Each structure stands twice: as C-alpha cells, then as structure tokens.
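In what follows, a structure is listed as structure tokens, so that the remarks can point back to it.
The values are calculated or read from the model by the stated rules, or taken from the named source; none is laboratory data. In this text, all values refer to a predicted model and were calculated from it rather than measured experimentally. For neighbour counting, all protein chains shown are included, and Cβ atoms are generated from backbone atoms with ideal geometry for every residue, glycine included.
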Amino acid sequence: MAKSVKLADIAVKLNVSTVTVSKALSDQKGVSEELREKIKKLADEMGYRQPSAIKREAENTSYNIGVIISEMFLDKYDSFYWQMYQAVTQRAVAKGCFTLLEVVSKDDEIKLQLPKLVQEQKVDGVIVIGRLQDAYLQCLNTRAGVPVIYLDFYDEKESCDAVISNSYFGSYMLTNYLFEMGHTKIGYVGTILATDSITDRYFGYAKALMEHKVTIKKEWIIEDRISDIATIEVSPEDIIRKDMPTAFVCNCDLTASYVIKILQDKGYRVPEDVSIVGFDNYLYPGMSNIGITSYEVDFKEMARRIIHNIIKKIATPNYKPSVVIVQGRVVHKDSVAKISE
C-alpha cells in the first residue's frame, strides 16, 4: 500500500508551513490566490486526500463480510448465536454491506481447513461468532489475508480484536441480587475454563461472595459441559445433595433451564425452595416452565460495534485492535424468591 501524503510533505516541497497548506486546501483566509493554486495543484499531483474525504469514502463503501460459526453452536434449537448472527446481518445491511455465513464443521476445524469464503476470496473481512480452537483461530489470522474480528469471545493469548458482553460484571450483579434477596448459600453452575465467558462469569460470582465474606465451597461449583463446550450436561447428583445451596448462579439460561428441571423432577420448587439466575436472557420457547431472572445481552449494540469495527479495520491502514465490552442489564422474572435470615 502506497504511503499516504501528508500536509507536511506538501509544505516541504513549497517551503511553507503546514498551517498555510491546511488553510489553502480548506479555502480559508490568509493565503494569496497564487500560492493557494500552487498548493492545490501540487497536492493533486502528489495524490493528497483530505481525512474527511477518506472517512466519507470508507463510510460509503460496500463490503462483503464473512461470518463463520462452528457447527457445534447451531443445534436443533433456535440458537443464541443464530440470533446474534441475525443482528449482525441487519446491522451490516443498514451500513450498506453484505454478509456471507459459513458453518465450520468439526472436521474442518481439526484439519485447519479455512472457510471457502476465505479460500475463494469472496470477503473483505471476517467475523468469528463463538470460540473455535486456538490452532484454528491462529491459522485463520495468519492465512486469511483479510481482517478478522471475534464476537462474544476473546483470545487471551495474544492481542486481538473482539466485541464481548460484560460477563464478569453481569454475573457479579446477579450474585449481589441474590444476596439482596437474603441468600448466602449460593452455588455456581458452569465448567470453569471451558470458555472465556463462563470463566469471567465465575469470577464475577466469586467477587460478590468475597465481598460478602462468604467462603466459596468447591462442591458447589458444578460443571455443565463435560465432553463438548456446546453440549450441556448437568448431573443431578451434583445438584441434589444433603448440604444444598439455596440459590444457583448459572452461566447461561440454557444451563439454568436444565438445573430447574432437575430440581423440579426431585420435588423441589423454584423459586420457593431454590432460586435460580441465568445469563443471556435468551432461551428457546418451551425450555423452561418459569421465567428465568437473567442478565440480558445487548445483541443490537454488540452487532453495531462489531460492524463498525470490521468496516474501520478494512478501511483504515493504522487501525488499532481492541476488546470492546458491551453492557447489558439484569432482567427480573420468576426464578428468585426472597428468603429470611
């Protein structure tokens, strides 16, 4: 890519100040007409483009944006990531861009087979929704030849570009809400280190317990993903025990729905006997017979930020990557009851 021409480059050629060049090019007073014409002619010959013009051009350019999702995240239910993809598509269209979706199979992920939309150079940038294996992500970043941004996860091993929900603070708020409702025996359901978001949500839970001077019980930290990060497996033996929590913080609403079913099958009432909170405020209809108090992920804002960033990354040579954290909100429903001390 050719080096962009700066005001200082023009100023040096004509032995004038950059202020003079700026005034001439923006038709401000304080520059003679003869010098103004010289400056404009030289700027044109050198290929100078004003920043405002470059910005307008970038904003008005239509790009093809690839979106890739692992097949394990698109199950038989109307998945969370499918809703996220739809929000991304709507925002892309609003910005005059087009999206191309490709689902990455488990086999292709293991074999480090890049998506066809990348191999055939059909896209100007790629959005990855949901975490893929580290080796695959490294391969994608190295060989794609186009900008790559992550949605709903980040890579802690290297500087990356990502837009995520505020998992840590959201779980912290939910746990504090349970304390406000009188609960002190609070468990956490989620396989720590399975994903960034599950781990961050655990630390939000842990912070709330520490602030309330409540000891974290190892036996109340319950795994929900044994063999696959996208497959929920909650053991009834882990939930139902002699010394049970009065409330559970679940890392997502789908896990919360499984915990509620286990409790109800064993004769416990939710929330009268045990309170439950989830995360995402998204659950396929029919998965739970009660409304789950949850931290709502702002799909639209996450989509807005990811499309803004991918367009900027495609169009701007000196773009700086960052992890953008999008706030959500606690949504109170029917799964929490107040208890007395």
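For residues in region 213-229 being free of Cβ contacts under 8 Å to residues at least 40 places away in the same chain, under 21 Å from D280 (Cβ atoms) and among the acidic types (D, E), which is surrounded by the fewest Cβ atoms within 10 Å (Cβ to Cβ)?
E223
For every residue, the table says whether it meets (1) touching a helix residue (DSSP H, G or I) at 6+ places or on another chain (Cβ under 8 Å); (2) modelled with pLDDT of 95 or more; (3) part of a loop (DSSP other than H, G, I, E, B); (4) surrounded by fewer than 18 Cβ atoms within 10 Å (Cβ to Cβ).
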| residue | (1), (2), (3), (4) |
| --- | --- |
| F179 | yes, yes, no, yes |
| Y188 | yes, yes, no, no |
| T231 | yes, no, yes, yes |
| S257 | no, yes, no, no |
| K261 | no, yes, no, yes |
| Q264 | no, yes, no, yes |
| V270 | yes, yes, yes, no |
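What is the number of the single condition among (1) at pLDDT 95 or above; (2) of a type in the set (S, T, N, Q); (3) surrounded by 15 or more Cβ atoms within 10 Å (Cβ to Cβ) that S288 does not meet?
Answer for S288: the failing condition is (1).
For region 185-206, which residues satisfy the criterion of being under 14 Å from Y172 (Cβ atoms) and of a type in the set (D, E)?
D200 - this is the single residue of region 185-206 that is under 14 Å from Y172 (Cβ atoms) and of a type in the set (D, E).
If only one of A2, A43, A8, A24 is aliphatic (A, V, I, L, M) and modelled with pLDDT under 85, which one is it?
Working: A43 fails: modelled with pLDDT under 85; A8 fails: modelled with pLDDT under 85; A24 fails: modelled with pLDDT under 85.
Checking each option against the conditions leaves just A2.
Six or more apart or on different chains, Cβ under 7 Å: which pairs go from a residue in region 161-180 that's closer than 26 Å to T215 by Cβ to one that's at pLDDT below 95 and in a helix (DSSP H, G or I)? Could you list them?
S167/S197
Could you list, in sequence order, the residues of region 99-123 that are free of Cβ contacts under 8 Å to residues at least 40 places away in the same chain, surrounded by 13 or more Cβ atoms within 10 Å (Cβ to Cβ) and in contact with a strand residue (DSSP E or B) (Cβ under 7 Å, 6 or more places away or on another chain)?
Passing the criteria: T99, L100, L101, E102, V103, V104, E109.
Does any residue of region 70-84 turn out to be in contact with a strand residue (DSSP E or B) (Cβ under 8 Å, 6 or more places away or on another chain), surrounded by 13 or more Cβ atoms within 10 Å (Cβ to Cβ) and either at positive phi or part of a loop (DSSP other than H, G, I, E, B) (or both)?
Yes, region 70-84 contains a residue that is in contact with a strand residue (DSSP E or B) (Cβ under 8 Å, 6 or more places away or on another chain), surrounded by 13 or more Cβ atoms within 10 Å (Cβ to Cβ) and either at positive phi or part of a loop (DSSP other than H, G, I, E, B) (or both).
Given the conditions (1) small (G, A, S); (2) touching a strand residue (DSSP E or B) at 6+ places or on another chain (Cβ under 8 Å); (3) free of Cβ contacts under 8 Å to residues at least 60 places away in the same chain, report the number of the one that A337 does not fulfil.
Here A337 meets the rest and fails (3).
Identify all residues within region 190-212 that are in contact (Cβ under 8 Å) with a residue 40 or more places away in the chain and assigned to a helix (DSSP H, G or I); write none if there are none.
D196, S197, I198, R201, Y202, Y205 - these are the residues of region 190-212 that are in contact (Cβ under 8 Å) with a residue 40 or more places away in the chain and assigned to a helix (DSSP H, G or I).
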